[in-house]
Ligand SMILES: Nc1ncnc2c1ncn2[C@@H]1O[C@H](COP(=O)(O)OP(=O)(O)OP(=O)(O)O)[C@@H](O)[C@H]1O
Ligand SMILES: [Mg+2]
C-alpha cells in the first residue's frame with residue numbers, strides 16, 4: 001500500500017484543450033477517494049495520468065516517495081478498472097484474471113492461489129471456466145475488478161465502474177466494492193459523476209469542474225459546508241435552494257430581505273454578514289431543512305407546483321415568482337399541486353454565497 005501524490009499536474013491536448021489544470025492532491029495510504037464532477041471535467045484524464053496511460057504535460061506523480069511520472073504503466077504497481085470493463089472476450093474468466101500474473105512470471109501454483117482469492121472476494125468463484133460472452137454485465141464487471149485486484153496493486157483506480165449496471169445492482173455493487181476495499185486495504189481512487197454514489201462510498205470527495213479542484217472534503221463537509229454555489233448545487237438531490245436577498249441593517253440588526261420574507265439574523269449569521277460587507281447575497285438552504293409549519297409560524301408561503309411521492313418521503317416543488325424550489329417532506333399528509341403551503345427553516349441551515357464570485361461567505 002502507499003500514498004499517491006499529484007503535484008502541479010496539468011494536461012493539455014493540443015493548444016486549446018486544458019483537460020486538467022494545476023491539480024494538487026495527496027491521497028492517504030488506504031484511503032477511498034472519489035473524484036466527482038460533471039462530464040468533461042477531467043476525471044478520466046486524471047486517472048489515465050496516474051495509471052501511466054497518458055503523459056502529463058506538467059507536474060509530478062509520486063506513489064509513496066517514488067517518482068513514477070516517467071514510468072511505464074506496468075512499472076507503477078497501479079491497476080485500473082474501466083467504465084466498459086475491457087475484459088478480453090477470447091479468454092476464460094480464469095485466464096482474464098491470471099493474465100497479468102503470468103506476465104509477472106509467477107509460479108503456476110501462486111497464480112492459481114491469487115486468481116481464486118480475487119474470485120472469492122468478487123464472488124465469481126463459480127464462473128472461472130466461462131467466457132465473457134456467457135456472463136451478464138454485472139458479472140463481467142466483477143471479472144474486471146477481480147483482474148485488477150489479483151495483482152495486489154498499491155493503487156487501485158476505478159473509472160465509473162458501475163455506470164453500465166442497472167440501478168439496483170449498482171447500489172449493491174457499491175457496498176461490495178467498499179467491502180473489497182476494506183479487505184484489500186489498497187489506496188483507491190474512484191471516479192463517478194453520480195453524487196449519491198460519491199457520498200455513500202468516499203472517505204473524501206474531490207469535486208472537480210473544468211479540470212480544476214473546487215473542493216476536497218468528507219462527504220459531510222462537501223454537503224453541509226459546500227464552499228461555493230457550484231458545489232451546493234451539484235451535491236444533493238434535490239440540490240440546494242437559492243434565494244437572492246438584500247442585506248439591510250435596521251437599528252443595528254441585520255436583515256435578509258427577499259420579496260417573500262424578511263428575516264432578522266441571529267448573532268452568528270449577523271457576524272458572517274457583517275464581515276462580508278456587501279448589500280446582495282445568495283442564501284442557500286438544503287431541501288430537507290425547509291419544513292411545513294402552521295401559517296402563524298411560517299417564514300414564507302408558496303404554491304405547490306408538483307409533488308413527487310418517493311415512498312419514504314415526498315419531494316415537493318414550490319413555485320415562487322418565476323423560481324421553482326424543492327423541499328423534502330414526510331410522505332404524509334400527501335401534498336397536492338395547487339395547495340398553498342407554509343414554510344419555515346432554522347437559521348443554522350442558512351448558507352451565504354457571494355453572487356459575484358459564487359464563493360461561500
Ligand atoms: N485524447 C484527447 N484529445 C483531445 N481532448 C481530449 C482527449 N481526451 C480528453 N479530452 C478532453 O479533455 C476534457 C476532459 O476529458 P475527460 O475524459 O477527462 O472527462 P471526464 O471528466 O472523464 O468526463 P466523463 O464524465 O464524460 O467521462 C474534455 O474536454 C475532453 O474532450
Ligand atoms: Mg470519464
Elements of type helices (runs of 4 or more DSSP H) in region 86-202, at least 1 residues being within 16 Å of ligand 2 (Cβ to nearest atom) and at pLDDT 90 or above: 137-150, 195-201
Which listed residue is away from ligand 2 (no atom under 16 Å from the Cβ) and under 19 Å from residue 10 (Cα atoms), from 70, 30, 64, 42: 70
Set 216, 143, 206: member being touching a residue at least 40 places away in the same chain (Cβ under 8 Å) and either within 16 Å of ligand 1 (Cβ to nearest atom) or not assigned by TED's automatic domain parsing to the domain that holds residue 66 (or both): 206
Filter pass, residue 45 being touching a strand residue (DSSP E or B) at 6+ places or on another chain (Cβ under 6 Å), in the same structural domain as residue 208 (by TED's automatic domain parsing) and within 13 Å of ligand 1 (Cβ to nearest atom): yes
Helices (runs of 4 or more DSSP H) completely within region 210-325 that count 2 or more residues being modelled with pLDDT of 95 or more, under 30 Å from residue 46 (Cα atoms) and out of contact with any helix residue (DSSP H, G or I) (no Cβ under 7 Å at 6 or more places or on another chain): 219-224, 229-234
Conditions (1) within 25 Å of residue 179 (Cα to Cα); (2) under 21 Å from the mean Cα position of the chain (by Cα); number of the one not met by residue 95: (2)
Residues satisfying the stated conditions in region 159-193, i.e. touching a residue at least 60 places away in the same chain (Cβ under 8 Å), touching a strand residue (DSSP E or B) at 6+ places or on another chain (Cβ under 9 Å) and within 16 Å of ligand 1 (Cβ to nearest atom): 159, 160, 161, 163, 189, 190, 191, 192, 193
Filter result for residue 114 (more than 22 Å from the chain's Cα centre (by Cα) and under 21 Å from residue 78 (Cα atoms)): yes
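The values are calculated or read from the model by the stated rules, or taken from the named source; none is laboratory data. Predicted model only: the values in this text are computed from it and were never measured. For neighbour counting, all protein chains shown are included, and Cβ atoms are generated from backbone atoms with ideal geometry for every residue, glycine included.
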